[in-house]
Ligand code: FES
């Protein structure tokens, strides 16, 4: 991490205060300034706030307005709130990880896919909900995951019907 980035993080932390209560504001500000949050940024914020890196990472991936990057070509966001999970989201969650061989918050080694968890998207009525790039897909089941992924594999531009 270069000196300029470290200085930038130090300024933002100083502005909001180096405590856990300021974590979301700090991450939001850095996300706005940098475009996305790198692993290095997360590690540095965790160090300055004296928090576990895993905690900062989980907060960064939980909020849909924050981008943890760099990301893969296709970004899959999945709502992890209870209404979606109670409707079968847990199975979808697992199926996505199994199909791509990564966990939430990770990117596949070939740079094609990133899995991110989000909070409620306001679409609970059609949950479980998955967002692939900018496409919202409702009523997702574990059985539909291969078909959904294939749409994007077959259309490298990211478009889908
Ligand atoms: S709980 Fe999943 S969209 Fe609201």
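Rounded to the nearest 10 degrees, the inclination of helix 39-49 to the longest alpha-carbon principal axis of the chain is 50 degrees.
Counting Cα-Cα pairs of the range 47-97 in 5 Å increments starting at 0 gives whole-percent bin shares of 5, 15, 20, 23, 20, 10, 5, 1.
To the nearest ten degrees, helix 145-154 and the longest principal axis of the Cα atoms of the chain are 80 degrees apart. With q set to 0.11, 0.13, 0.16, 0.18 Å⁻¹, the log10 of I(q)/I(0) for the chain, from the Debye formula over equal scatterers at the Cα positions, is -0.47, -0.64, -0.90, -1.06. Shape class of the range 3-62 from the Cα gyration tensor (axes a ≥ b ≥ c, square roots of the eigenvalues): rounded, since a/c falls below 1.5. Counted residue by residue at 0.36 nm each, then reduced by the alpha carbon distance between them, the extension gain from residue 99 to residue 3 reaches 30.6 nm.
Relative to the longest principal axis of the Cα atoms of the chain, the long axis of helix 3-16 lies at roughly 90 degrees.
What do you get for Rg/Rh over the range 74-154 if you use C-alpha atoms and the Kirkwood form of Rh? Using Cα coordinates only, the ratio equals 0.93. By the count of other C-beta atoms within 10 Å, a proxy for reagent exposure, 74, 139, 85 are ordered fewest to most as 139, 85, 74. Using helices alone, what [θ] at 222 nm do you get for the chain, with -39,500 (n - 2.57) per DSSP H run of 4 or more residues, divided over all residues and rounded to the nearest 500? When only DSSP H runs of four or more count, the value is -13000 deg cm²/dmol.
Since every read-out is calculated from the coordinates, none of them should be taken as a lab result. Every value quoted in this text rests on a predicted model; they were computed, and no experiment measured them. Every residue, glycine as well, gets a Cβ built from its backbone with ideal geometry; the counts of neighbours run over all protein chains shown.
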